[in-house]
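Each remark here refers to the structure printed beneath this line.
The values are calculated or read from the model by the stated rules, or taken from the named source; none is laboratory data. Everything quoted here is computed from the prediction, not taken from an experiment. Neighbour counts are summed over all protein chains in view; Cβ atoms, including those assigned to glycine, are modelled from backbone coordinates with ideal geometry. We work out accessible area using only protein heavy atoms, side chains counted, and drop any ligands, DNA or RNA first. Shrake-Rupley method; radii C 1.70, N 1.55, O 1.52, S 1.80 Å.
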Amino acid sequence: MPPAQPARVVLTTGFSQRHTGGVKEFSVEPGTLRGVIKAMDARFPGLGDILEEETTVAIDGEIHEVVYSQPIRPGCEVFFLPKIESG
Amino acid sequence: MAKHHVTTTINGNPVEYLCETRQTLLEVLRDELDMTGTKEGCGTGDCGACSVTLDGRLVCSCLVLGVEAAGKAVGTIEGMAEGGGLHVLQRKFLEHAALQCGICTPGFLVAARSLLEANPDPSEEEVRYWLAGNLCRCTGYQKIIEAVLDAAREMREA
Amino acid sequence: MLTRTKDEEKTLKVVGTRPVRPDGEPKVTGLAQYGADFSLPGMLWAKILRSPHAHARIRAIDASRALALPGVKAVITGADFMEQPFEYVGPERVAVNYWHMTRNIMAREKALYEGHAVAAVAAVSPAVAAAALKLIDVDYEVLPHVIDVDAAMAPDAPLLFEDMITRGVEPAPTRPSNVSKQIDFRLGDADAAFAAADEVVEMSFKTAPVHQGYIEPHACLARIGADGQGELWSASQGHFVVRAYTAKLLGMEIGNLLVHPAEIGGGFGGKTVIYVEPVAAMLSRKTGHPVKIMMSREDVFRATGPTSGASMTVRIGVKKDGRIVAARGVFRFQAGAFPGSPVMNACMCAFAPYDIANVHTTGYDVVCNRPKAAAYRAPGSPISAFAVESVLDVLAGKIGMDPLALRLKNAARTGTQTAYGPKHAHDGYAETVEALMKHPAYKLPLGRNQGRGVASGYWFNGGGESAATVHINEDGSVVIATGSMDIGGSRASMAMMAAETLGVPYEKVRSTVADTGSVGYNHVTGGSRVTYATGIAVVEACRKIIDDLRGRAAQIWDVNPSGVVWEDGHARPASAEVGDFAPLSLKAIAAKRAVTGGPIVAEAAVNAGGMAPGFATQFCDVEVDPETGAVKILRFVAAQDVGRAIHPSYVEGQIQGAVAQGIGWALNEEYIYDKNGRLSNAGFLDYRIPVASDLPSFDVVMVAVPNPNHPFGVKGVGEVGIVPPMAAIANAIQQATGTRMTELPMSPPRLLAALDSAEGA
Ligand code: FES
Ligand code: FES
C-alpha cells in the first residue's frame, strides 16, 4: 500500500518567527490532532504545549478548538491560528 | 443619625418604614423594604430603570427622597400584575420578546403603563418619545415599542 | 465529536417558533434577581476609593481615621492581595497576566487611570462606608499622563511601565515604550501589488473609546468563611470564569468557591472580566461577614472596560473592474492601563469578508492612562471595519461602481484564503450582499440632504467548552441545566433544541442556568458561542438520554435495545418483528425508572469546533441637518447570515440591539477627557446612548445558510451586527453632504465643523 498522503501543518508568520525559526509549513502524518501535535513537539520540543494552549486550529478552514481526538484526514491543511477573544 | 418614620401606601398596601433624610425612595424600596424589582441603572435620573409612580405620576425613584413618599401612593413593578394574572403590558413584553437581559424591563413597564393611562391610543412616535427617558442597551427598542402598541390595542378593545 | 445532521428535509416542530422564554415572568414582575438584588443576614456594604489622578505614584495610604469611624469593619488596599507572578498565560490574544489583573482590581505602586481602585471599606451601611472613604488618606505623587493612542506611541510619551519592551518585534527594542505588542499578518506581497492597481486610496481614521453601556452596574455579594470556603453571587457573562479569577487572586482552590449566577443586566463583553468580586471576597474574608458591593454608574464609566479608541491608516488598491488587488492596514489601539486591546481581532477581521490576494495588516497594542479595555461585541472588528469599509466606499465612487456590487465582486466564499491564515470554510457573505441588492428600499430615491451608505462586517463566532445536564423527572417532564449565563433568551433556545431533539413539546422542558457546583464547566456567554456550543452540549445530552430511554423501553418490553427506536417523544418497536408494543411516552418510562435502573439523567461536555463565522451587510439612509450637524437615521436595513434561527425573535433582537449600539458609536458616544486626564462625561446624561426617540424601526433581513456542523444549523448571531453601522453611516453622510468623516463619533459639533471647513475650502 502506498503511504497515506501527508497532512500539511501551517503556522502564522508571527507564530513561526517565535517558535519554529520562521518555518511556516510542515508535512505530518495524518491521523488525529494528537499525532500532529506530538510530531510538531518532536521537531520543536515544547511547541506541543504552546499549540495546545495558545491556538485554535483550522482544518481545511473549518475552525476547531484544539481537541486531541480531532481526525486529520490525508492531504488536509491544519492551520494553527491565535485563539480569539469573545464579546 | 435620627431616622424619619414614614407612613405611605405601596401598591395599595399600607407601609411604614424608617429612613434617613438622604435616602432615596429607590434605596428605601430596595435596601429597607426588600423590593428589588425596581432597578438602579444610574442613580441620577438618566436611565429610567428605577421608574415608579407617586400618586399616579411617573417619577425616577432615585430622584425622590424616601421621606417624600409620606402620605402618598407609590406604585412599583411588584404591584403591576393583578389577581394572579399578568398585566397586558407584561404579557405583551413576553410575547414580543421585548426584553433581552431584562434589567430595564420593570422601568419600561411602569413607564408604559403610565403612558397608556394618559393616552390609550398612542402613535409609534408618541410611544418612542414617552419612553425616551428609559434606556435599554440590549433591544434597540423596536420590540419594546411593538409590545406597547400591541398592548394598547388589546386594552382598547377589551 | 459532532454528529453532522442534514435536517433540511425533516420538519422541525419547535425550532423556528417563537415561544415565551422560561425566565420571562420573573423578569416582567420584578422578581428576577440580578447582581445587586441579593442580601444575607449580617451583610456589610463595601465601597471603593478611586484615584482622582490619571497617573500617580502611591507613596502611602493611611486608613487609620477611616478605621476609627464607628461602623467601619475593615479597609483593604492592594497590599492585602497576594503578589502574582508576572507572566502572560493562556492563548496570545486572550492572554491573562495575573500581575496585571491584581493591580487592576486594586492599584499598588501606581494609580494608572482616574477611577483606579486604591482602597476599599466594608461598613454596616452604605452611608458609613461612603463617609469612611473620605477618611482614607492617600499620598499621591502626580505624574504626567497620556491617553490618546498616537500621543502614547510618541517617543517622549510618559511611560505607564518603565520596563515595558514591545513584544512581537525582532530584534526586541532596547528602549521601553507604551507599545505592549506589535502584530503582523501578511498574505502575498501587498507593497508590490499596489503597483498593479488602477486606483489606490489611503486614508487615516480615528475612533473614540466607547463603553459597552450595559444598564446594570457591576454588583456582587460574597461570603468567605473561616473554613476557607466561600460563596459568591455575581452578575457576569460566565460564573465559571469569575470563580477561576477570584480564586486565583485570593489564593483559593477553585473547588472552595461556589459561584451562583445572578441574572445579568447586560454585558456585551464587559462582564467577561471581574472588578468587584475579589474585593468583596477579600473584605468578607477579613471581616467574617457577607459583603456586598454595587458600583455606581460613575464607577462603571471611570473604572470598567470601554473598548479601545484607535488610530488607523488603511490603503486599498482596485482594478477598474472593481477587483481588489492589494490592501494594507495599520491599526493602533488603546489597551488602557494594562496590555490587551482587541487589536489582533481588528487585524484579522479587517479584510476578512473579501477575497484579496495581497494583504498586510499591522497592529499595535498601546497602554495609556485610561481603564483597561474590555471586550465589546465583536471586539476590534467594528473599529477596523470603520476604516476599511469607508475606504471601499471612496474606491467605489472613484471607479463608478455600486458599493454593493463592489463588495459582491470581491466576496469571500468557501475556499477563499484569509490574510490571517486558513481558508474560509463557510459561505454566507455574498448572500448578505445579494439580499440587500434585492431589497426594494435600496433603489428608493433620496431627498435633499439625504444619503445612503453601505458597509459589511465579519466576526469569527466562538465555540469552545460547554457542559449540559438533562434530567427526565419522575412525571416525565424534562429539566436541562447548563452553565451558560442567559443574557438574551438562551434558556429558551436551549429548551427549544432539547424539545426538538427529544420530540416533546417546548412546555415540557424547563431550562435552567446552574451554579458552579451543579453542572460542568461552561466558558463565558460571549463570542456568540452559546446557542452554538452549549446548544451542541444540550443536544448531545438529549441524544444520550434517548439511548438510555430506548434501553429502558427494551427492558420493559424484554427485547433487544436495537429493536427500539425513538420517534416523536416515544419509544416504539423498530419493526413488527420486535413485537406489538404500544409506544412508551417519557411519562410511562419515567414511571418505571426505579425498576429500569434509577434516575434518568445524562450529561454531555463538549469543546465545540466547526463554528461558522458571522457575516453582515447593512445599508442606511440618513438626513443631515446642515444647520446643526445633526444626523437623523431614516432607514436601516441589516442583513445577516444567521445559519438557522432557533428562536427568530431573539435573533432579530440581537441584530436590532447591535445596530442600535453601532448607531450610538457612530453618532454620539465617546469618552471625553479634560486636560488632567479626568473623564468629563461619566454618566448617562453626558455619555449619551441612543434612546427610543433617536431611532427608527430597523429592517432585519435574516439570511439562512445553515452550518452543517450544528444539529440545527446554528451560527452565532450576537456580535457581527455591530460591525458595519459606523462605516455605513459615514458613507451615507458622505453621500448626503459630500463630506467624508474620518473620526468617530460623527457628533453634531464635529460634523458641523467638517461641513463648515468644506464650505470654506
Ligand atoms: S436609576 Fe433612577 S433614573 Fe437611573
Ligand atoms: S433588555 Fe437589557 S437593557 Fe433592556
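Heavy-atom accessible area for residue C:140, with the other protein chains in place and a 1.4 Å probe, reaches approximately 40 Å². The mean number of Cβ atoms from other chains found within 10 Å of a Cβ in peptide C:418-427 is 6, as a whole number. Among C:449, C:521, C:14, whose Cα sits farthest toward the positive end of the charge dipole of the protein assembly as shown (+1 at Cβ of Lys/Arg, -1 at Cβ of Asp/Glu, about the Cα centre)? Final value for the positive-end residue is C:521. Amide H contacts of residue A:72 (H built 1.01 Å from N, in plane; Pro and chain starts excluded): A:31, A:32, A:33 sit under 5 Å, all sequence-distant by 5 or more or on other chains. Per-residue SASA remark: residue A:83, around 50 Å² accessible (1.4 Å probe; ligands, DNA and RNA not included).
With Cα atoms as the point set, the radius of gyration and Dmax of the stretch B:4-79 evaluate to 10.8, 30 Å. The C and B chains share an interface that buries close to 4000 Å² of accessible area, total over both sides, probe 1.4 Å. Of the solvent-accessible surface of the stretch C:329-457, computed with a 1.4 Å probe over protein heavy atoms with every protein chain present, carbon and sulfur atoms account for 51 percent. Check the straight Cα-Cα distances from residue C:592 and name the lysines below 22 Å, setting aside those fewer than 8 residues away within the same chain. Filter leaves C:508, C:544. Beyond 18 Å in Cα-Cα separation lie the following of the pairs C:319/C:443; C:206/C:409; C:47/C:292; B:92/C:271: C:319/C:443; C:206/C:409; B:92/C:271.
Could you work out the relative contact order of chain C, using alpha carbon pairs under 8 angstrom and six or more residues apart, expressed as a whole percent? Write down the numbers at each step before the final one.
Details: 1980 pairs, mean separation 117.6, N = 761.
With pairs under 8 Å counted, the relative contact order is 15 percent.
Per the Kirkwood treatment, what hydrodynamic radius in Å, one decimal, follows for chain C from the mean inverse distance over all distinct Cα pairs? Every distinct Cα pair counted, the radius reaches 27.5 Å. Tell me which lysines have Cα within less than 27 Å of residue B:72's Cα, excluding those fewer than 8 residues away on the same chain? Excluding near neighbours in sequence, the set is B:3, B:39, C:27.
For the protein assembly as shown, what is one quarter of the convex hull surface built on the Cα atoms, given in nm²? Before the final figure, lay out the partial values.
Details: hull surface 178.6 nm².
Over all viewing directions, the protein assembly as shown projects a mean Cα-hull area of 44.7 nm².
Karplus-based coupling profile of the stretch B:124-134, in residue order and whole Hz: 4, 5, 5, 5, 4, 6, 4, 8, 5, x, 10, with θ = phi - 60° in 6.51 cos²θ - 1.76 cosθ + 1.60 and x standing for Gly or Pro. With the charge dipole of chain C set up from +1 on Lys and Arg Cβ and -1 on Asp and Glu Cβ about the Cα centre, the Cα lying farthest toward the positive end among the listed residues C:53, C:351, C:375 is that of C:53. First compute the accessible area of chain B with a 1.4 Å probe, then give the percent of it belonging to carbon and sulfur atoms. Result for chain B: 49 percent of the exposed heavy-atom area is carbon or sulfur.
Coupling constants for the stretch C:84-89 follow from the phi torsions by the Karplus curve (6.51 cos²θ - 1.76 cosθ + 1.60, θ = phi - 60°), and in residue order they are 10, x, 7, 7, 8, 10 Hz; glycine and proline get x.
Between A and C, buried accessible area summed over both sides at probe 1.4 Å, in Å² to the nearest 100?
Values: alone 5290 and 28240 Å², together 31040 Å².
Result for this pair: about 2500 Å² buried.
The string of couplings for the stretch C:170-186 from the Karplus curve (6.51, -1.76, 1.60, θ = phi - 60°) is 10, x, 4, x, 8, 9, x, 7, 8, 7, 6, 7, 10, 9, 9, 10, 10 Hz, one whole number per residue in order, with x for Gly and Pro. Give me the one-decimal Kirkwood hydrodynamic radius in Å for chain A, with the sum taken over alpha-carbon pairs. About 13.0 Å, per the Kirkwood formula over Cα pairs.
Just the accessible area per residue of the protein assembly as shown, please: how many Å² with a 1.4 Å probe?
Details: 35260 Å² over 1006 residues.
With all protein chains present, the protein assembly as shown gives 35 Å² per residue.
Straight-line cross-link reach from residue C:675 at under 14 Å between alpha-carbon atoms covers these aspartates and glutamates, not counting any fewer than eight positions away in the same chain: C:114, C:148. Expressed as a fraction of 2.2 N^0.38 Å, the C-alpha radius of gyration for the stretch B:88-157 is 0.96.
With q set to 0.09, 0.12, 0.15, 0.19 Å⁻¹, the log10 of I(q)/I(0) for the stretch B:1-147, from the Debye formula over equal scatterers at the Cα positions, is -0.27, -0.48, -0.73, -1.12. DSSP beta bridges confined to the protein assembly as shown are antiparallel in about 80 percent of cases. Taken over the Cα atoms of the stretch C:641-735, the convex hull encloses 142 Å³ per residue.
Quickly estimate the mean residue ellipticity at 222 nm for the protein assembly as shown, helices only: each DSSP H run with n ≥ 4 gives -39500 (n - 2.57), and the total goes over all residues, rounded to 500. It would help to have the intermediate numbers written out before the result.
Working: 26 runs with 267 residues, N = 1006.
Taken over the protein assembly as shown, the calculation gives -8000 deg cm²/dmol.
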